[in-house]
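Shown next, in structure tokens, is the structure this report addresses.
The values are calculated or read from the model by the stated rules, or taken from the named source; none is laboratory data. What you see is a predicted model; the values in this text were computed from it and never measured. For neighbour counting, all protein chains shown are included, and Cβ atoms are generated from backbone atoms with ideal geometry for every residue, glycine included.
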Amino acid sequence: MGNRRKVIVVEGTPRTSKKRFARLLAREMNYHFIGEPVPDSGILKSFYRGGDRYTLATELYFLVSRFKQMGQAMEQDLFSPSDTVLSFMIEKSRIYASMTLSDEEQKIYDSIYPMLSATGVKPDLVVYLYAEPSTILRAVRNSPITGEEFMTREYLDSLIEAYHSFFYRYTACPIVFFDVSEVPDWNGENVDVAKDMIRFFDQLKPGSNFYVPRIAT
């Protein structure tokens, strides 16, 4: 791959197989893979049920979990530096917090976020996976994860809008936008798509880049 990038982040909306696709890209590129921490199912259940008293605790839980995971990755890289694919970026914590917290809770969160978001990990490329709300809800129905069964269409619409808004304004590095609905039966493990996207990386321009699979899917 020309213009080799040391840190690639795969991010996106729920149920777009971010972790699987990140792991696949890492394997195809011979990069180190770092996955997002697996959340506690009890916390997810309380959050999606709509209990307002759990929102701040939930957002802080995810922020701390991602910070710890990123810290472990940084510590490991000090001893064996490697090119890396991550299946999350810590900034996603702020996307969720901005749409779930009350004004007073947001003030508390904002007093903590700068300390835990300064991880020193700066991506050279972001791959943003997304899908229509109906596609995500269908995936939730077909393969439920504890807690996600309480996810509403209204919440999902707001979340996708927040994600789109964040990444359309993101300027720290090039971004690849990928609507996974373009691939039938998408599960993040399509090797042909991964190889095609890696070729696509060679022709990226600064800012937003929109990837459409150039293979028979």
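Within segment 69-91, work out how many residues are among the charged types (D, E, K, R) and at pLDDT below 85.
Residues of segment 69-91 among the charged types (D, E, K, R): 75, 77, 83, 91.
Those left that are additionally at pLDDT below 85: 75, 77.
Matching residues across segment 69-91 total 2.
What residue, of R169, R153, R138, is surrounded by 12 or more Cβ atoms within 10 Å (Cβ to Cβ) and more than 18 Å from T58 (Cβ to Cβ)? Let's see the steps before the verdict.
On the way: R169 fails: surrounded by 12 or more Cβ atoms within 10 Å (Cβ to Cβ); R153 fails: surrounded by 12 or more Cβ atoms within 10 Å (Cβ to Cβ).
Exactly one of R169, R153, R138 is surrounded by 12 or more Cβ atoms within 10 Å (Cβ to Cβ) and more than 18 Å from T58 (Cβ to Cβ), namely R138.
How about segment 179-217: which of its residues are at positive phi and modelled with pLDDT under 90? Working first, answer last.
Step one: list which residues in segment 179-217 are at positive phi, which gives 185, 188, 207.
Of everything in segment 179-217, just one residue is at positive phi and modelled with pLDDT under 90, namely D185.
Only residues in segment 111-138 that are within 20 Å of T13 (Cβ to Cβ) and without any contact (Cβ under 8 Å) to a residue 40 or more places away in the chain count as the first member; pair them with residues that are in a helix (DSSP H, G or I) and among the hydrophobic types (A, V, I, L, M, F, W, C), Cβ under 8 angstrom, at least 6 apart or cross-chain, and list the lot.
P133/L156; P133/I160; L137/L156
Can you name every residue in segment 85-117 that is within 20 Å of D157 (Cβ to Cβ), aliphatic (A, V, I, L, M) and buried (at least 19 other Cβ atoms within 10 Å of the Cβ)?
Across segment 85-117, the qualifying residues are A97, L101.
Kindly indicate the residue of segment 31-68 that is at pLDDT below 70 and either aromatic (F, W, Y) or in a loop (DSSP other than H, G, I, E, B) (or both) and also farthest from the chain's Cα centre (by Cα) among those meeting that condition.
G51
Just a yes or no: is a residue in segment 192-204 assigned to a loop (DSSP other than H, G, I, E, B) and in contact (Cβ under 8 Å) with a residue 12 or more places away in the chain? Give the derivation first.
First, the residues of segment 192-204 that are assigned to a loop (DSSP other than H, G, I, E, B): 202-204.
Among the residues that remain, those that are also in contact (Cβ under 8 Å) with a residue 12 or more places away in the chain are: 202, 204.
Within segment 192-204, one or more residues are assigned to a loop (DSSP other than H, G, I, E, B) and in contact (Cβ under 8 Å) with a residue 12 or more places away in the chain.
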